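Undergrad: I'd like to ask you about the structure that follows.
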Amino acid sequence: MSENVTTIGLIAGGRQFPLMVARGVKSHGYRLVVAGFTGHTNMDVVPFADVWRELKLGKLGKLIAFFKENGVERVIMAGTINKPKVMDVRHLDMRAIKLIFRQKNKGDSAILGTLAGEFEREGMPVVPAHSFLPELLTPEGVISRREPDEREWEDLRYGWKIAKELGRMDIGQCVVIREGIVSAVEALEGTDPTIARGCSLGGPGCVVIKVFKPGQQEQIDLPSLGLDTVKAMVEGKATCLGVEANRSLFFDRDEAIALADRSGIAIIGLTSEKMDL
């Protein structure tokens, strides 16, 4: 292999995203070094790796050393990791402990931003995963067959403001609203359980809003949605989903939209230019 080939280090979590990123990286002709974590990583990513190592969660020093030993020039983070387990001090090495516990804010964005800074200091900047998969970005405008009605638009506008304020505090990305009443906000549990709880409290007709957190770093962690999101909405009898366009990832888009159309759910890509009026 040519010495001029760029080496990408992939920190691989669960679900389909790390596999998609690995395919994208290899399609560009780059060398791929993958670090996975016991019980967290989608192991389907392994065949795409030029170099692979499974590490225990929280061993930041070993992760950085592994990447440096293998000539990693840029780092990508992709896939889900169980945050409560990450924060369990029993799993952390001294470097990770110092990194996390010097943080006053232990929200996702703050911790991931600090982690990215560690790689940057080691000469391995973190780059956006979606730069290899731009087709995953949520488009602007109405995506489903049905457009939001007037009541849903009111909830979208109100929910946008609430979600952005929660995001500024690094709490979560998703809120569930019905007729101007907040029925659920996202915390550690993730989007789909938030939708289930919000719909159980708010009843049929809930509106779900998911946004990019102010101050969040696009190269680290974009909001995501997909078929499971729409399934949760169908189960909870929610009727509208608004998600920030161009700053969120939409997985299994065709299947998700088809299900939304069959279920009468409106899906729309929102922008700050239109929602902050």
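The values are calculated or read from the model by the stated rules, or taken from the named source; none is laboratory data. Remember, predicted model here, so these are calculated numbers, not experimental data. Backbone-built Cβ (ideal geometry, glycine too); neighbour counts: all protein chains shown.
Undergrad: Is it the case that some residue within the range 258-267 is in a loop (DSSP other than H, G, I, E, B), surrounded by 19 or more Cβ atoms within 10 Å (Cβ to Cβ) and either assigned by TED's automatic domain parsing to the domain that holds Arg74 or of a type in the set (Val, Ile, Thr) (or both)?
TA: yes
Undergrad: With Gly159, Gly167 as the choices, which residue is modelled with pLDDT under 95, surrounded by 17 or more Cβ atoms within 10 Å (Cβ to Cβ) and assigned by TED's automatic domain parsing to the domain that holds Glu179?
TA: Exactly one residue qualifies, and that residue is Gly167.
Undergrad: Sticking with this one: Considering each of Ile64, Ile76 in turn, give the residue that is out of contact with any Gly (no Cβ under 8 Å at 6 or more places or on another chain), buried (at least 19 other Cβ atoms within 10 Å of the Cβ) and modelled with pLDDT of 90 or more.
TA: Result of the check over Ile64, Ile76: Ile64.
Undergrad: Under 7 Å between Cβ atoms, which residue pairs at least 6 apart in sequence (or on different chains) link something in the range 10-37 that is free of Cβ contacts under 8 Å to residues at least 40 places away in the same chain with a partner that is part of a loop (DSSP other than H, G, I, E, B) and surrounded by 19 or more Cβ atoms within 10 Å (Cβ to Cβ)?
TA: Once the first residue is free of Cβ contacts under 8 Å to residues at least 40 places away in the same chain and sits in the range 10-37, its partners that are part of a loop (DSSP other than H, G, I, E, B) and surrounded by 19 or more Cβ atoms within 10 Å (Cβ to Cβ) give Leu19/Asn42; Leu32/Ala49; Val33/Ala49; Val33/Val72; Val34/Ala49.
Undergrad: Residue check: is Asn70 surrounded by 19 or more Cβ atoms within 10 Å (Cβ to Cβ) and modelled with pLDDT of 90 or more?
TA: Against the criterion (surrounded by 19 or more Cβ atoms within 10 Å (Cβ to Cβ) and modelled with pLDDT of 90 or more), Asn70 does not qualify.
Undergrad: Scanning the range 10-61 for residues that are under 12 Å from Phe132 (Cβ atoms) and surrounded by fewer than 16 Cβ atoms within 10 Å (Cβ to Cβ), which turns out nearest to the chain's Cα centre (by Cα)?
TA: Arg23
Undergrad: Still on this structure: Quick one: Ser183 ticks every box in (1) touching a residue at least 24 places away in the same chain (Cβ under 8 Å); (2) over 16 Å from the mean Cα position of the chain (by Cα) bar one, so which box is it?
TA: (1)
Undergrad: Then there's this: Taking the options Val127, Val175, name whichever one is out of contact with any helix residue (DSSP H, G or I) (no Cβ under 7 Å at 6 or more places or on another chain), modelled with pLDDT of 85 or more and among the aliphatic types (A, V, I, L, M).
TA: The unique qualifying residue is Val127.
Undergrad: How many residues does the range 235-257 contain that are in contact (Cβ under 8 Å) with a residue 60 or more places away in the chain, part of a strand (DSSP E or B) and of a type in the set (A, V, I, L, M)?
TA: 2
Undergrad: Determine whether the range 137-149 contains at least one residue that is assigned to a helix (DSSP H, G or I) and either of a type in the set (Gly, Ala, Ser) or surrounded by fewer than 21 Cβ atoms within 10 Å (Cβ to Cβ) (or both).
TA: No: the range 137-149 contains no residue that is assigned to a helix (DSSP H, G or I) and either of a type in the set (Gly, Ala, Ser) or surrounded by fewer than 21 Cβ atoms within 10 Å (Cβ to Cβ) (or both).
Undergrad: Taking the stated definitions as given, is Asp221 in a helix (DSSP H, G or I), within 30 Å of Leu19 (Cβ to Cβ) and among the acidic types (Asp, Glu)?
TA: Criteria not met by Asp221.
Undergrad: Another question about this same structure. Of a type in the set (A, V, I, L, M, F, W, C), crowded, with 16+ Cβ neighbours inside 10 Å, modelled with pLDDT of 95 or more and assigned to a loop (DSSP other than H, G, I, E, B): is that true of Ala232 in this structure?
TA: Against the criterion (of a type in the set (A, V, I, L, M, F, W, C), crowded, with 16+ Cβ neighbours inside 10 Å, modelled with pLDDT of 95 or more and assigned to a loop (DSSP other than H, G, I, E, B)), Ala232 does not qualify.
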